[in-house]
1. Kindly list the number of the only condition in (1) free of Cβ contacts under 8 Å to residues at least 60 places away in the same chain; (2) under 21 Å from V112 (Cα atoms); (3) out of contact with any helix residue (DSSP H, G or I) (no Cβ under 8 Å at 6 or more places or on another chain) that fails for F150.
2. Counting only residues that are of a type in the set (A, V, I, L, M, F, W, C) and over 19 Å from the mean Cα position of the chain (by Cα), which one in segment 363-382 is farthest from T515 (Cα to Cα)?
3. Please work out which one of (1) surrounded by fewer than 23 Cβ atoms within 10 Å (Cβ to Cβ); (2) of a type outside the set (S, T, N, Q); (3) in contact with a Pro (Cβ under 8 Å, 6 or more places away or on another chain) is the condition G104 fails and give its number.
4. So which residues in segment 127-165 are open to solvent by less than 30 Å² (accessible area, probe 1.4 Å) and outside any helix (DSSP H, G or I)?
5. Restricted to segment 213-238, and to residues that are open to solvent by 50 Å² or more (accessible area, probe 1.4 Å) and in contact with a helix residue (DSSP H, G or I) (Cβ under 6 Å, 6 or more places away or on another chain), which residue is farthest from N58 (Cα to Cα)?
6. Can you name every residue in segment 413-471 that is open to solvent by 20 Å² or more (accessible area, probe 1.4 Å) and part of a loop (DSSP other than H, G, I, E, B)?
7. Suppose we keep only residues that are part of a loop (DSSP other than H, G, I, E, B) and among the hydrophobic types (A, V, I, L, M, F, W, C) within segment 107-126. Which one would you say is least open to solvent (accessible area, probe 1.4 Å)?
8. Let me spell it out: the conditions are (1) over 27 Å from L228 (Cα atoms); (2) open to solvent by 40 Å² or more (accessible area, probe 1.4 Å), and Y189 meets all of them except one. Which number is the exception?
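The values are calculated or read from the model by the stated rules, or taken from the named source; none is laboratory data. Remember, predicted model here, so these are calculated numbers, not experimental data. Positions of Cβ are generated from backbone atoms using ideal geometry, with glycine treated the same way; all protein chains shown enter the neighbour counts. Side chains included, ligands, DNA and RNA excluded: accessible areas come from the protein's heavy atoms. Shrake-Rupley method; radii C 1.70, N 1.55, O 1.52, S 1.80 Å.
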Amino acid sequence: MSGQTNSTDAGILSSSAVMAAGTTVSRLSGYVRSILLVAALGNALHADVFTIANTVPNMLYILLAGGVFNAVLVPQLVRSMKDDPDGGEAYANRVITLAAVFLGVVTVVLVVAAPLVMSVLLDSSYSEPGLAEQRQSAIDFARFCLPQVFFYGMFVLVGQVLNSRGRFGPMMWAPIANNVISVGVLAVYLLVFGPASGAERTGAFTSGQELLLGLGATAGIVAQLLILAPYLKKAGFTYRPRFDFRGTGLGHTLRLGIWTVLFVIVNQAAYTVVIRLASGGPAESTDGTGVTVYSSSFLLVMVPHAILTVSLATAILPRLSAQARDTEYAALAGTLAGTLRTALAVVLPFAALLPIVAPEVAAVVFSFGAGASNVENFVPTLSLFGIGLVVFTVHYLMLRGFYALEQTRTVFFIQCAVALVNIAVAVLLVGRTSAADTTPALTLAYAAAYLVGACLSYSVLGRRLGGLHTPRLARFAVRLVLAVLVSTAAALAVALLLPGWGEQPGRLTALWRGTAIGLVDLGVLLLMARALRLREITSVVDTVRGRVSRS
């Protein structure tokens with residue numbers, strides 16, 4: 001049994017390694033984009049005007065269809081491939097056609113209603129006469145960016161069709177095209193307009209700036225969809241529009257999707273509150289922290305999740321669906337438990353190290369151009385986001401189990417608790433803190449919400465499956481925490497001994513300090529993993545080493 005489990009874990013790691021490679025390159029190019037964005041616009045009010053508007057399409061896509069596309073359709077596509085005489089091709093054609101019509105209509109409505117959409121997301125401070133120009137810039141950006149809703153939706157849907165046919169790589173690699181275009185647009189912006197300075201860092205945009213940034217952002221999303229098209233034929237799928245939706249199984253998918261849509265509505269309602277609260281920080285004070293600091297820090301901290309956890313979850317979802325279909329609940333629990341251990345083996349050490357190296361990370365990544373004068377705004381948020389990352393990882397993987405079991409109603413009720421905690425804690429903390437501490441307060445609210453979510457989802461799913469190998473997980477957790485305590489203590493000792501502790505370092509100092517601290521932490525962690533027989537860490541290292549050797 002142990003040999004079979006090891007073989008299964010190795011297979012998941014191997015499958016996810018292909019996706020992780022694509023995600024890693026995609027994320028790296030995404031970080032270049034994030035660096036250039038802060039370098040061009042800063043991290044204050046000027047940057048928030050564009051960041052909020054460019055965040056809206058992704059939020060609305062997730063609100064309208066993202067949950068159904070991401071979680072419900074993969075199990076249904078796998079089932080149709082197994083059960084339908086044509087291998088699920090007609091079912092996939094109907095799904096794509098219905099989604100294209102729906103997303104097309106909704107996108108047109110959203111562009112027309114851009115002022116209303118932005119009024120929901122912007123703090124009431126934007127209604128004051130002194131911020132009228134900034135508010136208008138946000139609306140203009142929204143009109144340029146909202147067509148992304150259609151292209152986001154179709155990208156994820158086509159990507160899931162490919163995933164269900166075992167083609168995981170293209171969906172992970174395609175976003176690189178978006179990032180390359182975005183990087184190019186920002187480079188042109190810097191050459192033409194230069195970095196924001198002085199009063200411009202809290203001001204509005206000119207029409208030329210809006211046109212370049214807005215259309216450039218949308219062009220990137222269009223490109224990442226177009227890149228997927230050739231891979232459909234390589235996967236043996238040819239799209240043909242089909243409008244015969246009745247009596248074809250779509251009703252079952254939509255019924256499952258109702259609870260997922262409700263889940264997404266609750267989740268996005270909480271995120272809307274977070275964005276609105278965050279938008280008030282820079283609007284109320286020149287030293288306030290807002291959406292740019294929050295979203296940029298979140299993007300950076302989610303590196304392990306994006307590279308490892310999402311890749312693992314994508315790789316195991318077809319397997320989980322098959323195990324649920326065959327009522328092999330013990331095997332499903334084993335797959336989830338093994339994946340959770342592997343994910344935590346990477347996420348927990350990373351989260352523990354973050355508070356030590358946050359000043360160095362902020363300086364290396366965000367101290368260019370317009371972001372140099374107040375780079376310290378990122379440090380508290382980066383330090384605190386690791387807590388939320390750990391509990392979110394547990395919650396995220398448990399939800400994959402519920403989706404495989406098609407228990408989307410349970411997911412909805414759990415997410416209601418998460419959203420309510422997030423909203424309540426966010427409102428409470430932001431109301432009691434200064435504008436400068438807005439994003440740290442929101443980061444703590446995020447951690448509190450997903451702590452509740454992780455506890456609920458793990459306990460409920462464990463009862464449904466007859467256990468999640470909790471004794472083994474507990475023994476693993478004790479060994480992992482011990483290894484992390486020792487490695488983090490070693491990293492802290494090095495940080496205290498090196499010159500510059502307690503100060504905001506310059507880029508070069510931050511680079512060598514951060515590298516030294518990180519290498520000591522990693523080295524001690526690997527030694528502890530070998531000593532404590534933490535196979536979950538050594539397996540990840542061996543998989544990466546094998547890929548590098550073959551390359």
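1. (3)
2. First, the residues of segment 363-382 that are of a type in the set (A, V, I, L, M, F, W, C): 363-366, 368, 370, 372, 375, 378-379, 382.
Add one more test, that the residue is over 19 Å from the mean Cα position of the chain (by Cα), and what stays is 363-364, 366, 368, 370, 372, 375, 379.
Working: A363: 13, V364: 11, F366: 17, F368: 19, A370: 25, A372: 21, V375: 19, V379: 17 Å.
Top of the filtered list is A370.
3. Only one criterion is unmet by G104, namely (3).
4. The first filter runs over segment 127-165 and keeps only residues open to solvent by less than 30 Å² (accessible area, probe 1.4 Å), leaving 131, 134, 137-139, 141-142, 145-146, 148-149, 153-164.
Of everything in segment 127-165, just one residue is open to solvent by less than 30 Å² (accessible area, probe 1.4 Å) and outside any helix (DSSP H, G or I), namely L146.
5. Narrowing segment 213-238 to residues open to solvent by 50 Å² or more (accessible area, probe 1.4 Å): 215, 226-227, 229-231, 233-234, 236, 238.
When the remaining residues are screened for being in contact with a helix residue (DSSP H, G or I) (Cβ under 6 Å, 6 or more places away or on another chain), the result is 215, 227, 231.
Details: L215: 15, I227: 19, Y231: 24 Å.
The qualifying residue farthest from N58 (Cα to Cα) is Y231.
6. Result: R432, T433, S434, G466, G467, H469.
7. If we filter segment 107-126 for residues that are part of a loop (DSSP other than H, G, I, E, B), which is where we start, we get 113, 122-123.
Applying the additional criterion that residues be among the hydrophobic types (A, V, I, L, M, F, W, C) yields 113, 122.
On the way: A113: 30, L122: 6 Å².
Ranking the candidates gives L122 first.
8. Only one criterion is unmet by Y189, namely (2).
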